[in-house]
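Reading through the structure tokens given below for one structure.
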Amino acid sequence: MTLYRPSLARIFMAIKEHVDLKPYTYFKIGGEARFLSEVKNIEELKEAVHFAKEHNLPFVVLGAASNILIADSGYRGVVIRVLLRGIQRDGTRLVVEAGVPDAVAVRRSLDEKLSGFEWAIGIPGTIGGSVRGNAGCFGGEMKDVVERIRFFDARSGVVEEKDNAFCRFAYRESVFKHSPHLIILSVTLSLHERDPDTSQKLVRKYSSLRSDAQDIGSSSAGCVFKNVPWPDDEKKRARLLWLVPDLAEFSKFPTIPIGFLVDHLGLKGRKIGNISISKKHGNYLINNGGATAEEVIMMIGMIKEYIHRKFDLYPEEEIQYIGFD
């Protein structure tokens, strides 16, 4: 673990000023970054962090920017795009750098005849972002496959490596989500050998299910809300089942799908300006062209109000807000 001493001669080569962030996000929404740095290795990352500190600017780290909403006013600090994209096999493990798209990591695992990560084929983010938010679908979550994590502590200037327990994974949560100074560099995925034909079938199945349930190709930030926990109070739980008997199919699970509640409320397709609720998936918002962050905030507020009034539930956002200081 070595403290970093930056090479000032290289810092400014990687920094761009006043960069429109829309093209870098899945949502295609947001204003300008005061500065943008795209880093391809640990040294460039350290230099970008040093630049922010030296100029007393905040910084934020982005991967694929698939589950974020950037303010219309943009971000007044340094946006650091992590483009570390190496993958190496280590026995039945894959060591995957943070900027590798999930789908690429899945394909590489298939090439290596390794199984356990097929469920991630449809996740639009990168490995680093998926670990940060403990992404999951089809019964799998990052917490199930992460063995070790390597990260840069921007406060201390130290590169560290920790095990799964350090991550403090929970539903769509991890220690990294609440500690932005800990920047993920690489992740060791613990997988197992399996007949590649079986894995290929799973990938095709999951890809088909995703395609049927989502607006593939549309500008969207993915799931806007976390699924909401069932009430601890038995009376409230019974009331929910009385209001919506079909909720019984989710009674064995810890959470209720927000998309189901939005569908039940008849909100699919609802529009505010150029933003709309997907007609396929009630937890997705679609930018129909020219949508603003303000419109997204209004839509999120409307959905939360409807769900609270009807079901006495309080959904929490899954997307990350950037620039809303």
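Brief remarks on what is shown
- Theoretical FRET efficiency, 1/(1+(r/R0)^6), r = Cβ-Cβ of His18 and Met298, R0 30 Å, to 0.05: 0.65
- Gain on full extension, evaluated as 0.36 nm per residue between Leu241 and Asn274 minus their Cα-Cα distance, stands at 8.4 nm.
- Inter-probe distance in nm under a simple model that places probes 7 Å from Cα toward Cβ, at Lys40 and Asp163: 3.7
- Protection proxy ranking for 88-95, 173-180, using the average of other Cβ atoms within 10 Å per residue and placing the highest first: 173-180, 88-95.
- Normalising by residue count, the range 215-320 has a Cα convex hull of 98 Å³ per residue.
- For the chain, a Kirkwood radius taken over Cα pairs fed into Stokes-Einstein (37 °C, viscosity 0.692 mPa s) yields D = 157 µm²/s.
- Dividing the convex hull volume of the alpha carbon atoms of the range 85-206 by its residue count gives 89 Å³ per residue.
- Extension gain, Phe138 to Tyr171: 0.36 nm times the residue separation minus the Cα-Cα distance gives 10.5 nm.
- Note on the range 251-321 and the range 113-165: Cα centroid distance 27 Å, given to the nearest whole angstrom.
- Förster-model FRET efficiency, 30 Å R0, Lys113 and Glu317, C-beta, rounded to 0.05: 0.20
- Relative to the longest principal axis of the Cα atoms of the chain, helix 293-311 runs at roughly 40 degrees.
- Share of pairwise Cα separations in the range 274-325, more than 17 Å, in percent: 40
- For the range 94-125, the residues whose backbone nitrogen is under 19 Å from a point 7 Å from the Cα of Arg204, taken along Cα to Cβ, are 106-122.
- On the beta carbon distance between Val95 and His55, with R0 = 30 Å, the FRET formula returns roughly 0.35.
- Taken over the range 13-80, the ratio of Cα radius of gyration to 2.2 N^0.38 Å equals 1.04.
- Hydrodynamic radius (Kirkwood) for the range 176-244, which is based on Cα pairs only, to one decimal in Å: 17.5
Any read-out appearing in this document is the output of simple, stated calculations on the displayed coordinates, not a laboratory observation. Source: prediction; values computed, not measured. Heads up, the Cβs are rebuilt from the backbone with ideal geometry, glycines too, and the neighbour counts pull from every protein chain shown.
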